[in-house]
Amino acid sequence: MSNLLAIQVEAAAKAAGLTVVSSEAGEQQSGATTKFMLALAGDPAKTQLLELSERFEFGRPDLKDGVQVYLAAAAKRLKNPRPDCYLTLHGIPLSFGQFGWPFHESTSGADTSLVHGEVRLEDGGDAALHAKVAVSMTVTFRDVVPAPEQPYAEGFIFNAVRKTMDQGQLELVKSGNRQPVPLTTRYYSMKQQKFVFNDTTADQRKAFLAGKAYWLSGVLGAGAPVWLLDPRDAQYLDTSIEELRATVGRLTADGLLQPLEDAEYGTPTPKLMDRHHGYQSELAHALQAIKPAFNEEMRAGMTNM
């Protein structure tokens with residue numbers, strides 16, 4: 001384990017309102033890593049794993065700022081009742097876990113870098129449905145990423161998984177093989193120098209934030225506040241933090257949200273939670289849409305072949 005890396009991470013975590021509660025050596029296909037368990041300074045029960053290559057050059061000016069931004073956002077996200085959970089645009093609540101960082105090179109001969117992980121359906125049940133994913137980054141895409149490490153890639157990878165799920169290209173199963181999530185330059189605008197995942201309308205953003213409050217707070221979080229101005233959601237929805245704040249205001253005016261802390265966090269109102277049947281129906285429809293479709297006549301042998 002690199003002592004210098006540990007000192008640098010501890011200092012950066014402290015500046016962001018986090019503490020390093022433990023660290024241990026890890027081993028990925030790309031080489032030795034160090035795993036840091038981070039926790040909120042005021043709530044050590046809220047933790048997140050940070051895994052970095054031991055060769056990671058933390059002190060480089062072009063990399064250090066990215067880590068600090070990542071840790072500051074992580075500190076806010078850890079205040080969520082379920083910091084590991086995200087909502088897709090089509091209304092599917094997912095948890096993200098077991099991601100092995102950093103990217104490692106493909107062993108199949110393809111000129112790509114990979115990260116493996118897992119997403120699980122989080123609908124308040126036993127979370128048996130899941131998808132093991134292999135996110136592949138092309139050589140061209142690699143050029144726009146400052147470093148193939150967790151602080152620089154986690155956000156857009158999670159958004160790519162959400163986007164791929166909404167497109168019906170990932171299936172939630174009880175058991176199964178790893179499923180591909182291709183990460184290409186179609187998710188990055190060279191002209192605007194930013195990631196682009198979904199072109200959303202004001203109504204879609206309003207429905208998204210309402211659904212996030214319903215699922216992440218009302219269903220999964222026992223009514224605890226959720227972070228409504230998450231930059232990852234802004235990137236996923238191709239919008240700004242200011243627009244998300246305005247959306248919170250519209251939901252508050254409609255009596256669906258109770259904002260806290262200058263609209264950064266909020267909880268669903270009883271009026272929003274009364275929409276239980278609507279959200280359950282939306283989820284059932286979304287889950288049905290991502291199931292593979294088969295030609296029933298071919299399966300029954302009713303074809304002229």
- Query: Which condition number does LEU87 fail, the rest of (1) under 21 Å from ALA234 (Cα atoms); (2) out of contact with any helix residue (DSSP H, G or I) (no Cβ under 8 Å at 6 or more places or on another chain) being met?
  - Reply: (2)
- Task: Mind counting the residues in the stretch 32-59 that are among the aromatic types (Phe, Trp, Tyr) and at pLDDT below 90?
- Result: 2
- Message: Take the conditions closer than 27 Å to SER53 by Cβ and surrounded by fewer than 19 Cβ atoms within 10 Å (Cβ to Cβ) and apply them to GLY125. Does it pass?
- Response: no
- Query: Quick one: which of ALA153, ALA160, ALA131 is surrounded by 22 or more Cβ atoms within 10 Å (Cβ to Cβ), part of a strand (DSSP E or B) and of a type in the set (Gly, Ala, Ser)?
  - Reply: ALA131
- Query: Between residues in the stretch 212-227 that are over 15 Å from PRO270 (Cβ atoms) and residues that are among the aliphatic types (A, V, I, L, M) and modelled with pLDDT under 95, which pairs lie under 6 Å by C-beta distance while being six or more apart or on different chains?
  - Reply: PRO225/LEU260
- Would you please list the contacts, defined by Cβ atoms under 8 Å and residues six or more apart or on different chains, that run from a residue in the stretch 123-144 that is without any contact (Cβ under 8 Å) to a residue 24 or more places away in the chain to a residue that is among the β-branched types (Val, Ile, Thr)? none
- Which one is modelled with the lowest pLDDT, of the residues in the stretch 289-304 that are part of a helix (DSSP H, G or I) and surrounded by 10 or more Cβ atoms within 10 Å (Cβ to Cβ)? MET298
- Query: Out of the stretch 209-223, which residues are over 14 Å from ASP274 (Cβ atoms) and out of contact with any strand residue (DSSP E or B) (no Cβ under 7 Å at 6 or more places or on another chain)?
  - Reply: LEU209, GLY221, ALA222
- If we keep only residues of the stretch 181-207 that are assigned to a loop (DSSP other than H, G, I, E, B) and aliphatic (A, V, I, L, M), then the residue farthest from VAL161 (Cα to Cα) is MET190
- Task: Evaluate the stretch 145-168: report whether one residue or more is more than 21 Å from TYR187 (Cα to Cα), in contact (Cβ under 8 Å) with a residue 40 or more places away in the chain and of a type in the set (A, V, I, L, M, F, W, C).
- Result: no
- Task: Please tell me if VAL173 is surrounded by fewer than 18 Cβ atoms within 10 Å (Cβ to Cβ) and aliphatic (A, V, I, L, M).
- Result: yes
- Message: So, THR247, is that one within 23 Å of ASN198 (Cα to Cα), under 23 Å from the mean Cα position of the chain (by Cα), β-branched (Val, Ile, Thr) and not in a helix (DSSP H, G or I) or not?
- Response: no
- Item | Restricting the stretch 196-206 to residues that are in contact (Cβ under 8 Å) with a residue 24 or more places away in the chain and surrounded by fewer than 17 Cβ atoms within 10 Å (Cβ to Cβ), the residue that is nearest to PRO146 (Cα to Cα) | VAL196
- the stretch 100-112: number of residues that are surrounded by fewer than 21 Cβ atoms within 10 Å (Cβ to Cβ) and in a loop (DSSP other than H, G, I, E, B): 7
- Message: Quick check on my filter: what residues within the stretch 250-273 are among the hydroxyl-bearing types (Ser, Thr, Tyr) and either surrounded by fewer than 16 Cβ atoms within 10 Å (Cβ to Cβ) or in a helix (DSSP H, G or I) (or both)?
- Response: THR252
- Query: For the stretch 287-295, does any single residue satisfy the condition of being among the hydrophobic types (A, V, I, L, M, F, W, C) and without any contact (Cβ under 8 Å) to a residue 24 or more places away in the chain?
  - Reply: yes
- Message: Going residue by residue through the stretch 95-110, is there one that turns out to be outside the structural domain of LEU220 (by TED's automatic domain parsing), of a type in the set (Val, Ile, Thr) and free of Cβ contacts under 8 Å to residues at least 60 places away in the same chain?
- Response: no
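The values are calculated or read from the model by the stated rules, or taken from the named source; none is laboratory data. Keep in mind it's a predicted model, so treat the numbers as computed, not measured. Heads up, the Cβs are rebuilt from the backbone with ideal geometry, glycines too, and the neighbour counts pull from every protein chain shown.
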